[in-house]
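Participant: Before anything else, here's the structure in question.
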Amino acid sequence: MAVDPYILIANPGSASRKYALYKKGNEVAHIHVEFVASKLVAHIAAGNKKYDTSLNATLLDKVFPEIITLIGSITNNEPIAAIGLRIVAPSGYFMRNMVLNDEAILKLEQLHLLSPLHISATLQELNQLRHYANNIPIIGVSDSAFHITKPDYVWNYGINLDTADRYDIKRFGYHGLSLQSAVAQLKKYKSGVPERLVICHLGSGSSVSALLNGKSVDTTMGYSPLEGLIMATRSGSIDFGAGLALASVTNRTPEDILEELNKQSGLLGISGYSSDIRALVEAELAGHHRASLALSMYVYTVRQAIAKMAASLEGVDALVFTGTVGQRSVIIRQRIMNGLQFLGLAINQNQNNKVTNPYVISSLHPRTRNKPVLVVPAQEESAMAEATKKVLQTL
């Protein structure tokens, strides 16, 4: 079918919603919805204009009616050819991009209990899109497909392989769209894509990945986005026996525990105060011990993961920070880097202080060091738009 001028991208996260509008491969507008002081705010960039607007909705899964009105004002209500929706789901089935037909939607619903945090957001967004977007094709864009290049020994857990194969219990990995966008930007950067690259995607969900010549070798997330680092509300990796003990002593079901590990753990559970890095830093300055402990544990797991990924690459030539925290938090980047001198990685504090939310690749390393440490803005929506257009052209 002929491709109409506009493609809309919907990128639902656990703590935000991102939308972008593309025309002929170029971004026309970008809308980032997040809570600011307990109220939902849309940060809008359209052409040369940047502005914020408060939304009437009080829940993230209710914002789309207001978003589609904003988009209509930007496009003058011209038609949208397709909508690309990010898919985060533990299944080989979703290791590819596809039209979200009834079969794919049923598969998502069946997987919901196994990865509730992201699939809930995806299904909520999908329902809104189908209701308000009429008959516009909705393309599911895989957040795992980038990791298809991992070697076979990285895919499996230490469980019976026949069972793992039969029930599709594998280390799929996520944040692939963020990694893909980082590689695309580095290809245009002066030093190109380093051979052995470690990328830290730090946000509400966080992961660290190893890339060899721009291809995924390993990543900290596994079957679901719960595995790996301590995150905003997710526990990260936890001993299965500890999970069973938690269920036993609190007299709760495994489903209850999974819900807690996804939504009430991580920085929130450790601090007992907040899941927001900014709030925890302020609380730490005020003497809040558990906030300080949460931040220390978070930084420690990121630093450990960087070393692990460097080991998987047999060395590291460059380090990248991306994601909301990776791009914005000067103090978190500094604390992570304080423990990485043994890898030959270092940053200049003055340069680090200047990078608070860059729109282009920014370097942090001293000029005397040959291993780049870079902040690369996450451009998942651009990668999604490209994938959406490719699927659309096959219809």
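No lab work stands behind these numbers, since they all come straight from the coordinates. Quick caveat, the model's predicted, so the values are computed rather than measured. When we count neighbours, we look across all protein chains shown, and the Cβ atoms used for this are built from the backbone with ideal geometry, even at glycine.
Participant: Taking amide H positions as placed 1.01 Å from N in the peptide plane, with prolines and chain starts having none, which residues 5 or more places from Ser16, or on another chain, fall under 5 Å of its amide H?
Facilitator: none
Participant: Between Tyr189 and Gln341, what is the FRET efficiency for a Förster distance of 22 Å, r being their Cβ-Cβ separation, to the nearest 0.05?
Facilitator: After rounding, the FRET efficiency stands at 0.35.
Participant: A follow-up question, please. What shape does region 32-100 have by the C-alpha gyration tensor, where a ≥ b ≥ c are the square roots of the eigenvalues, rounded means a/c under 1.5, and otherwise prolate means a/b greater than b/c and oblate the rest?
Facilitator: Taking the square roots of the gyration eigenvalues as a ≥ b ≥ c, region 32-100 is oblate.
Participant: Work out, step by step, the length gained on full extension between Arg369 and Thr149: first 0.36 nm times the residue separation, then minus their alpha carbon distance; give nm to one decimal.
Facilitator: This chain segment gains 76.2 nm when fully extended.
Participant: Write out the trypsin sites (Lys or Arg not before Pro) in region 86-155 meeting two conditions: DSSP loop, and at most 16 other Cβ atoms within 10 Å of their Cβ.
Facilitator: Arg96
Participant: Computed FRET efficiency, Cβ-Cβ of Glu314 and Asn77, R0 56 Å: what is it to the nearest 0.05?
Facilitator: Values: r = 55 Å, r/R0 = 0.98.
Approximately 0.55, to the nearest 0.05.
Participant: Can you give me the long-range amide H partners of Tyr174? Hydrogens built in the peptide plane at 1.01 Å from N, cutoff under 5 Å, separation of 5 or more residues or another chain.
Facilitator: For Tyr174, the qualifying residues are Met221.
Participant: Take the alpha-carbon positions of region 193-375, form their convex hull, and give its projected area averaged over all directions (one quarter of the hull surface) in nm².
Facilitator: Here the figure is 11.1 nm², rounded to one decimal.
Participant: What is the gain in length, in nm to one decimal, between Lys215 and Gln349 on full extension, counting 0.36 nm per residue of separation less the C-alpha to C-alpha distance? Each step should come with its number before you reach the end.
Facilitator: Details: separation 134, 0.36 × 134 = 48.24 nm, distance 3.04 nm.
Extending this stretch completely gives an extra 45.2 nm.
Participant: Does region 12-129 come out rounded, prolate or oblate, given a ≥ b ≥ c as the square roots of the eigenvalues of its C-alpha gyration tensor, rounded meaning a/c under 1.5 and, failing that, prolate meaning a/b above b/c?
Facilitator: oblate
Participant: Highest mean first, how do 346-352, 236-242, 291-297, 262-268 rank when packing is the count of other Cβ atoms within 10 Å averaged over residues?
Facilitator: Top to bottom by mean Cβ count within 10 Å: 262-268, 291-297, 346-352, 236-242.
Participant: If you keep only loop residues by DSSP, which chymotrypsin sites (Phe, Trp or Tyr not before Pro) in region 298-395 have at most 10 other Cβ atoms within 10 Å of their Cβ?
Facilitator: Sparse-neighbourhood loop chymotrypsin sites (Phe, Trp or Tyr not before Pro): Tyr359.
Participant: Still on this model: Divide by every residue of the chain the summed helix terms, -39500 (n - 2.57) for each DSSP H run of at least 4, and state the resulting mean residue ellipticity at 222 nm, rounded to the nearest 500 deg cm²/dmol.
Facilitator: Counting only the DSSP helices, I get -11500 deg cm²/dmol.
Participant: Pull out the extension gain between Arg96 and Phe35, defined as 0.36 nm times the separation in residues minus the alpha carbon to alpha carbon distance; nm, one decimal.
Facilitator: Gain on stretching Arg96 to Phe35: 18.8 nm.
Participant: Can I ask one more? Can you tell which of Thr58, Thr69, Thr368 shows the greatest fluctuation in a Gaussian network model of the chain with Cα springs below 10 Å?
Facilitator: Maximum fluctuation in the GNM of the chain, among the listed residues, is at Thr368.
Participant: If you don't mind, there's one more thing I want to ask. Quick one: grab the alpha carbon gyration tensor of region 247-289, order the square roots of its eigenvalues as a ≥ b ≥ c, and give me rounded if a/c is under 1.5, else prolate or oblate depending on whether a/b is larger than b/c.
Facilitator: Numbers: a/c = 6.13, a/b = 2.62, b/c = 2.34.
Cα axes put region 247-289 in the prolate bin.
Participant: What is the ratio of the Cα radius of gyration of the chain to 2.2 N^0.38 Å, where N is its residue count, to two decimals?
Facilitator: For the chain, the normalised Cα radius of gyration is 0.96.
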